[in-house]
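Report on the following structure.
The values are calculated or read from the model by the stated rules, or taken from the named source; none is laboratory data. Since we're looking at a predicted model, the values are computed, not measured. For neighbour counting, all protein chains shown are included, and Cβ atoms are generated from backbone atoms with ideal geometry for every residue, glycine included. SASA here: full protein model, heavy atoms, side chains in, ligands and nucleic acids out. Shrake-Rupley method; radii C 1.70, N 1.55, O 1.52, S 1.80 Å.
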Amino acid sequence: MLLRTEMITEASFYLFNATKRRVFFRNIKILIPATWKANHYSQVKQESYEKANVIVTDWYGAHGGDPYTLQYRGCGKEGKHIYFTSEFLLNDDLTAGYGSRGRVFVHEWAHLRWGVFDEYNNEKPFYINGQNQIKVTRCSSDIVGMFVCEKGPCPEENCIISQLFQEGCMFIYNSTQNTTSSIMFMQSLSSVVEFCNSSTHNQEAPNLQNQMCNLRSTWDVISDSSDFNHSFPMNGTALPPPPTFSLVQAGDKVVCLVLDVSSNMAEADRFLRQQQAAEFYLMQIVEIHTFVGIVSYNSKGEIRTQLHQINNDDDRKLLVSYLPAMVSSEAETSICSGLKRGFEVAEKLNGRAYGSVMILVTSGIDEHISDCLLTVFRSGSTIHTIALGSSADNNLEELSHLTGGLKFFVPDKSNSNSMIDAFSRISSGTGDVLQQCIQLESVGENVEPHHQLKNTVTVDNSVGNDTAFLVTWQTSGPPEMVLSDPNGRKYFTRNFIINQALRTARLWIPGTAKPGLWTYVLNNTHHSRQALKVTVTSRASRSAQPPATVDAFVEKDSTSFPHPVMIYANVRKGFYPVLNATVTATIEPETEDPVTLKLFDDGAGADVIKNDGIYSRYFFSFAVNGRYSLKVHVNHSPSISTLGHSLPGSHAMYVPGYITNGNIQMHAPRKSLGRSEEEQKGGFRRVSSGGSFSVRGVPAGPHPDVYPPCKVIDLEAVKVEEEVTLSWTAPGEDFDRGQANSYEIRMSKSLQNIRDDFNNAILVNTSKLNPQQAGTKEIFTFSPKLFTNEPEQQPDGETQESHRIYVAIRTIDKNSLKSAVSNIAQASLFIPPNSAPVVAKDYLILNGVLTAMGLIGIICLTIVVTHYVLNKKKRADSKENGTKLL
């Protein structure tokens, strides 16, 4: 623990100087794992694993636990988490390649908080500049070193063959440098104490920072953050105070259901669906050893049962018996009264509601929600809100926003399974995926009399424990049910536990469910059409192998027409990204039909980084104003490669060695931790609610086209003989949907010209280039001969012969709406045949819970520490790894 506090203390002072005496860390909360022995730690309030900015865990990556930051949004946008491993925090040998831990923390913090990107590029470690010189991808350009072959220093020409590095060659940096930047390139150099700014930034370097941020320097992006609004450097020369650390730990898990029983719940089967979801939550979802209480409310709150700890199925059944049995005659709802009773229930355990969870369901309007906001915040409880129907109070989500809870919406549609999906999404917040309930199936259909609902669901080998099938219906009697396992064994209606009052049937599979395809058939034997719904959940089957999970979410909780909503699904197995999955979002508005949307992980359109396991898409098919519910389905074929070979995200550079006093000193290579073949095969299916969002300002009738094509962010240029070949992913007519009308491609010899004055750059003839369907890979080849005949005017008025061109593209739809200009691609025009480009005279280089509150000069943090210990057995055909949370 001392090591972590030292890291952040060092980072605070380093960050203070790097931000020109403006920003430092003042308050840090470290969330201690619940499995650690209590040591007079403070009780958590709303802090949890899922909300943490920094997570410490030992799911090793391909490079033995490199620190990294998961960035899923664009330039200047906040990321999701920073990840550190115990190896990084405890192994001092790593500091030789990474630099001090405090410096690495600042590098990753800039990724997370301010949305800047790495300034190195392992895939493109060097490039050829306009003077036909080889330059190493770096920032700033003043960092020096030399080429090194297997046996020591070597001439550059021995390392570079036809623009590629010879195997065994690398570029090694001098340990002593004169430059002070850049932290996002090589924080390990002792001289580096600044971010690249406008005067030191290398705009030509083919790195992610230039690609994502339109050639802007990292300091330019950082200083535009709201953290720096109206901020001024601290006067004098004194350093800021060191950070203050608070150690907090979750106690017993406490959940209270706060359920609406007002007369509004009698509409559209709301009360029935609340009962069905609450029963399933109590019987299947909520984790063992949790303390659960139940409160109901209309104009007043009523405690139906005090806290009961769940230790077995009898405890679960007892809690179900306390669920409210009927709605009241009162239409008035007092949400504050219900929450007040919920806090009273939670306080019975330890005298305070700190760390407790309230699951609040409501369908009514309460004009007095604002009266209890301060009480809610001070309670230390997290409130998850579930809004039923279009009449639910518009200010309901403020309770979730204030306490860091989740927000859900359930439309008044008979075939919607959103209520059960919402309850299924709510977990304990410990981050222990091995204990959490995982949803495999969620489907609802209106089935005609004597017709069937038939489907299959995959139970993969990473799950199977505590597997349950839930069937719900609308009429008085259950449908005829047949369930078949992969071996053909059948379960019939008589095998299900049926609750006639709640109209639910649940089948629990003892032991571990057989992996493979399970088939269910529901026959509607009733004389009228009715909604039949199926939910399947399970838990991890092995402590050594984390199951695949999906975390669905939106960028913002609300938007105004015509601004789109960005939808994301983070698909993981442990901390590896799951690639090549079929990910589909279903968006349900309050009144109109659901919309389905396929999400992509292709590094185009709404998706920032390719193959990072985060599938993304723009959503803008707004039918009505109000709330929208989001659910994501993930299907993965067993025949397709599943996992990425490395962890995604932005990484601090590990330097392989330095040159010190003319001597080459190499560091220990980063070890590669491979995955077993068993972990790489097998298909799976997952379902998860993504919560809700709201839309306002949608026109009542038809409206003109307001959606342009999305920006191209993956444009690349390659010179082949006398031609340049461009490639990119096609945008759509509207953002990333449909088929655009035309492309406008321009080129220049000046990087500044094409960035700052795209309209006046040289236009490329694209008369034969017709845009393809959105998401298709576009390839276009042209000859830049007319461009190479004479020098081009430079921005400073001087002429200079350039051997390089810069290309960008803009997309136009049929209504002449234009996209933003793409990232700028570059290509070298002249490379002497059978010889390497000239190397520049200067020696270049090769590649070589934290809850933030953006106050002026202050950042408050919360750290979550999770430690997974993997114990490997010697038997090659079987691995049983013990896993625990520390």
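Could you name the aspartates and glutamates whose alpha carbon sits less than 16 Å from that of Lys29, not counting residues in the same chain fewer than 8 places away? Straight-line reach from Lys29, under 16 Å: Glu6, Glu47, Glu50.
Sorting check: for 20-28, 757-765, 337-345, which peptide has the highest mean count of neighbouring beta carbons within 10 Å, and how do the rest follow? Each step should come with its number before you reach the end.
Working: 20-28: 20.7, 757-765: 14.6, 337-345: 23.4.
So the order, starting with the most tightly packed, is 337-345, 20-28, 757-765.
Using only side-chain charges placed at the Cβ, +1 for Lys and Arg and -1 for Asp and Glu, the dipole size of the stretch 1-247 relative to its Cα centre rounds to 940 debye.
Roughly how many percent of the accessible protein surface of the chain is carbon and sulfur, given a 1.4 Å probe and a whole-percent answer?
So the carbon and sulfur contribution to the accessible surface is 49 percent.
Extension gain, Glu302 to Glu723, is 143.9 nm, computed as 0.36 nm per intervening residue step minus the present C-alpha separation. Local charge for Thr85 was computed over the other residues whose Cβ lies under 9 Å away, with Lys and Arg +1 and Asp and Glu -1, and equals -3. With all protein chains kept in place, the per residue accessible area of the stretch 1-247 amounts to 39 square angstrom at a probe of 1.4 angstrom. Along the stretch 817-829 the Karplus relation, 6.51 cos²θ - 1.76 cosθ + 1.60 evaluated at θ = phi - 60°, assigns HN-Hα couplings of 6, 10, 6, 5, 5, 5, 4, 9, 9, 9, 8, 7, 7 Hz to successive residues, with x for each Gly and Pro.
Of the cross-linked pairs Lys533/Lys598; Lys80/Lys407; Lys610/Lys719; Lys340/Lys533, which ones have a Cα-Cα span greater than 29 Å in the structure shown?
Details: Lys533/Lys598 23 Å; Lys80/Lys407 18 Å; Lys610/Lys719 23 Å; Lys340/Lys533 34 Å.
In this structure, Lys340/Lys533 exceed 29 Å between Cα atoms.
Take Trp109: with every protein chain present and a 1.4 Å probe, its accessible area is about 0 Å². Could you please state, rounded to a whole Å, how far the C-alpha centre of the stretch 467-484 is from the C-alpha centre of the stretch 41-110? When both Cα centres are located, 45 Å separates them.
Accessible surface for Trp473 stands near 10 Å², nearest 10, in the context of the full protein assembly shown (1.4 Å probe).
Cα centroid separation, the stretch 703-717 to the stretch 247-264: 44 Å. Residue by residue, the stretch 584-595 carries 3J(HN,Hα) couplings of 10, 9, 10, 10, 10, x, 5, 10, 7, 5, x, 10 Hz when phi is fed to the Karplus relation 6.51 cos²θ - 1.76 cosθ + 1.60 (θ = phi - 60°); x denotes Gly or Pro. Considering helices alone, the calculated mean residue ellipticity of the chain at 222 nm is -4000 deg cm²/dmol, with DSSP H runs of length four and up weighted by -39500 (n - 2.57) and normalised per residue.
Scanning residues 5 or more positions from Gln474 or on other chains, those with amide H under 5 Å from its amide H are Ala531, with H placed 1.01 Å from N in the peptide plane. Under a Cβ-Cβ cut-off of 11 Å, what is the net charge of the residues other than Asn207 that fall near it, where Lys and Arg count +1 and Asp and Glu count -1? Net local charge, Asn207 excluded: -2. Lys and Arg at +1, Asp and Glu at -1: add these up for the other residues within a Cβ distance under 10 Å of Ile303 and post the number. Local charge sum for Ile303: +1. Between Asn455 and Tyr520, the built amide H atoms are under 5 Å apart, and every one of these is 5 or more places off in sequence or on another chain. The HN-Hα couplings worked out from phi for the stretch 421-428 by the Karplus form 6.51 cos²θ - 1.76 cosθ + 1.60 (θ = phi - 60°) are 4, 5, 4, 5, 6, 7, 10, 6 Hz, whole numbers, x standing for Gly and Pro. Remark: relative contact order (the stretch 1-247) = 25 percent; criterion is Cα-Cα distance under 8 angstrom and separation of 6 or more residues. Over the Cα atoms of the stretch 1-247, the radius of gyration divided by the Kirkwood radius equals 0.99; this is the Rg/Rh ratio.
Check cross-link reach from Lys514 to the aspartates and glutamates: straight Cα distance under 15 Å, and skip same-chain residues fewer than eight apart. Within reach: Asp460, Asp466, Asp485. Rg over Rh for the stretch 368-503 works out to 1.04, using Cα positions for both radii and the Kirkwood form for Rh. Working note: Debye formula, equal point scatterers on the alpha-carbon atoms of the chain, no solvent; log10 I(q)/I(0) at q = 0.08 Å⁻¹ is -0.80.
May I ask you to compute the full-extension gain from Thr244 to Asp224, defined as 0.36 nm times their residue separation minus their alpha-carbon distance, rounded to one decimal in nm? If you can, show how the numbers build up before the last one.
Values: separation 20, 0.36 × 20 = 7.20 nm, distance 2.71 nm.
Separation in residues times 0.36 nm, less the Cα-Cα distance, equals 4.5 nm.
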